[in-house]
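Down below is the structure, laid out as structure tokens.
The values are calculated or read from the model by the stated rules, or taken from the named source; none is laboratory data. The structure presented is a predicted model; accordingly, all values stated were derived computationally and were not measured. Here the Cβ positions follow ideal geometry from the backbone for every residue, glycine too, while neighbour counts run over all protein chains shown.
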């Protein structure tokens, strides 16, 4: 779950199923102790089926959870990218997850088929698409806000990922060429 609408949809599903929860955050439902250590198998299976119908899935193995945590850490880094900490993405992820970056990078590449850096570029390009659709910022402002070194760097990465220039994409904004961040 990446957006508020995702959390809202999952919250509504849990209420419909009569499952109490403490909170819903990115990729995580905290049942606190409402359901003991585990949900009953039949309830968990029904929840999994209902979540799948909404486009979500339950992550039960540690590697899948770790991949989701890496993605959440990348999203967190993107949200705070214009703050002047100058911490590298690799340092942020390693610090956030308390694991060696080389291990995380290798695991992510094996499971996702792309590097963490390529994933992060896709995240930034999707954010650029969002900003282009809303039309509120100039490319120079976007490049600064999203941590690109220049407008040329932003444009190059954008074209590499989408095959379009940012200005051409802006002219096509009504054609729904964006992916939601949770689909990456």
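Pull up segment 133-154, narrow it to residues that are free of Cβ contacts under 8 Å to residues at least 12 places away in the same chain and in a loop (DSSP other than H, G, I, E, B), then point me to the one that is surrounded by the most Cβ atoms within 10 Å (Cβ to Cβ). That would be 137. Inspection of segment 84-106 identifies no residue that is at pLDDT below 90, in the same structural domain as residue 66 (by TED's automatic domain parsing), within 19 Å of the chain's Cα centre (by Cα) and surrounded by 15 or more Cβ atoms within 10 Å (Cβ to Cβ).
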